[in-house]
Amino acid sequence: MKRTLLSLTLALFLLPALSGCAGLYANVREVEQLLVIQTMGLDGGEGGVRLSLASGAGIKAAGSPTRLHASAPTVSAAIEQIRSRANEDDLFCAHVGHVLIGEGAAESGVDAFLSYICRSRDLRLSVPLYLVRGGSAEEAVLGVGDESYGICDALDAADADVRLRGDGRLTSAAEIVSSLARCGSALICAVEYRPSAEEARSGGAAAGPVMTVAPAGYGVLKGDRLCGGIDREQAVGVGLLLNDTGPCELLVRDREGRPVTLTLERGGSELRPLWSDAGALEGLEISVWAVASAAELGVSGQGGDSAWEDDLTARLEAELARRVGSVLQLSRELGADFLDLGGRVERADPRRFAALEPSFGDLLPDLRLRLSVSGRLAHTGDIRGGSA
């Protein structure tokens, strides 16, 4: 009798769930009505912010990326303005994977944008931030791609390119905030808005090329304002100085003037502070090392003997010294320690660093720099047809 009563009670309890098709359908509809935003663009506007948002292709049934924009006093107000005009769709920003900041907005200051990201319930601190070099975030978010390809796809491709190469790195909101707090300056990954190699799918050649974004080195933030830039060639020097580099190509010429493409395989740097007898920081001694391989010779070029290799190694060292030196010089000219050289000095000698007067950032423009580069070639035997 007790077992029968228990079974009846369970059946009555489960009956609403078993017959709740309408409730399940309602939940499915709610999910289908979500407009998943994957890219956010931030620009300055008169008295506020110009916000641009984009979903990826295939998010909606039609398959085309959704592109939205609004202007308001704050980012939150702009989002609410877009939400109010989104008809049946409900904006879902928890999957934002890229945040673009226009160059003009970055020159005016990014503190308000960083504060929004840090306080947002939707955005992650690990979200990558990008500077749109020479343009606005709005034109990139709204203008990249066509009916089947958008800014989200272009940034995914740019991300993969940056991760695989040694002439750039992604910069998250957390990293930028931390660097600004620690060093007073920071690097922000830069992209440029430009035509791609593809023609518009809907209109053929007459429609012109599809616009895209591509990696373009870094922007330099001092305080919260953009104060300079580092192109992709110089960015190789950044990777070596930060001990965060990967494969990338370097074009040099051998002693006969023939072009040789070298692949930088790995590299890094060491730093030694130079102190006076009185304990004052006088300079920095920076040693850079790199290993590269000869990936391609010119049309008529052939690998030579050991003297040829020695000469090519010297040319590799000179090229890397030029790139590293230009980055160090920019840091000194701007008085911006975006390479965290001060942190390395502190780790080398915490006691002396703590006693520095004035601070490292104030000393940086006048510090004496000694730069040395040591290169090594690998796999050159393969180029000459012999064994390595």
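The values are calculated or read from the model by the stated rules, or taken from the named source; none is laboratory data. The shown structure was predicted, so the numbers you read here are calculated from the model rather than taken from an experiment. Quick reminder, even Gly has a Cβ in these numbers, built from the backbone with ideal geometry, and neighbours come from all protein chains shown.
Does region 296-304 contain at least one residue that is crowded, with 17+ Cβ neighbours inside 10 Å and in contact with a Phe, Trp or Tyr (Cβ under 6 Å, 6 or more places away or on another chain)? Looking through region 296-304, none of the residues is crowded, with 17+ Cβ neighbours inside 10 Å and in contact with a Phe, Trp or Tyr (Cβ under 6 Å, 6 or more places away or on another chain). A residue that is among the hydroxyl-bearing types (Ser, Thr, Tyr), out of contact with any Cys (no Cβ under 7 Å at 6 or more places or on another chain), farther than 22 Å from GLY237 by Cβ and at pLDDT 95 or above cannot be found anywhere in region 143-166.
Being hydrophobic (A, V, I, L, M, F, W, C), under 27 Å from ARG225 (Cα atoms) and at pLDDT 95 or above, is that true of even one residue in region 286-297?
Restricting attention to region 286-297, the residues satisfying the condition of being hydrophobic (A, V, I, L, M, F, W, C) are 286, 288-292, 294-295, 297.
Still in the running and under 27 Å from ARG225 (Cα atoms): none.
Within region 286-297, none of the residues are hydrophobic (A, V, I, L, M, F, W, C), under 27 Å from ARG225 (Cα atoms) and at pLDDT 95 or above.
All of (1) in contact with a helix residue (DSSP H, G or I) (Cβ under 8 Å, 6 or more places away or on another chain); (2) outside the structural domain of ARG376 (by TED's automatic domain parsing) hold for THR245 with one exception: (2). At least 1 residues being under 30 Å from ARG266 (Cα atoms) is the threshold, and among the helices (runs of 4 or more DSSP H) wholly inside region 80-197 those reaching it are 151-164, 173-183.
Residues of region 306-317 include none that is surrounded by fewer than 16 Cβ atoms within 10 Å (Cβ to Cβ), at pLDDT 95 or above and within 21 Å of LEU242 (Cβ to Cβ). If we scan region 50-67, do we find a residue that is in contact (Cβ under 8 Å) with a residue 24 or more places away in the chain, in the same structural domain as LEU187 (by TED's automatic domain parsing) and in a helix (DSSP H, G or I)? Within region 50-67, not a single residue is in contact (Cβ under 8 Å) with a residue 24 or more places away in the chain, in the same structural domain as LEU187 (by TED's automatic domain parsing) and in a helix (DSSP H, G or I). Filtering ALA294, ALA290, ALA307 for residues that are free of Cβ contacts under 8 Å to residues at least 24 places away in the same chain, over 17 Å from ARG368 (Cα atoms) and outside the structural domain of LEU221 (by TED's automatic domain parsing) leaves a single hit, ALA307. Counting only residues that are more than 16 Å from the chain's Cα centre (by Cα) and polar (S, T, N, Q), which one in region 116-138 is modelled with the highest pLDDT? Filtering region 116-138 for residues that are more than 16 Å from the chain's Cα centre (by Cα) and polar (S, T, N, Q), the one modelled with the highest pLDDT comes out as SER136. Of everything in region 347-377 that is surrounded by 15 or more Cβ atoms within 10 Å (Cβ to Cβ) and closer than 17 Å to ALA278 by Cα, the residue that is nearest to the chain's Cα centre (by Cα) is PHE360. Scanning region 206-247 for residues being in contact with a strand residue (DSSP E or B) (Cβ under 7 Å, 6 or more places away or on another chain) and in a strand (DSSP E or B) gives a total of 19. Scanning region 82-123 for residues that are touching a helix residue (DSSP H, G or I) at 6+ places or on another chain (Cβ under 7 Å), over 22 Å from GLY223 (Cα atoms) and of a type in the set (A, V, I, L, M) yields LEU91, LEU123.
Scanning region 61-115 for residues that are of a type in the set (D, E, K, R), more than 17 Å from SER136 (Cα to Cα) and modelled with pLDDT of 90 or more gives GLU80, ASP111.
Looking at ARG165, ARG182, ARG133, just one residue is in contact with an Asp or Glu (Cβ under 8 Å, 6 or more places away or on another chain), charged (D, E, K, R) and surrounded by 16 or more Cβ atoms within 10 Å (Cβ to Cβ), and that residue is ARG133.
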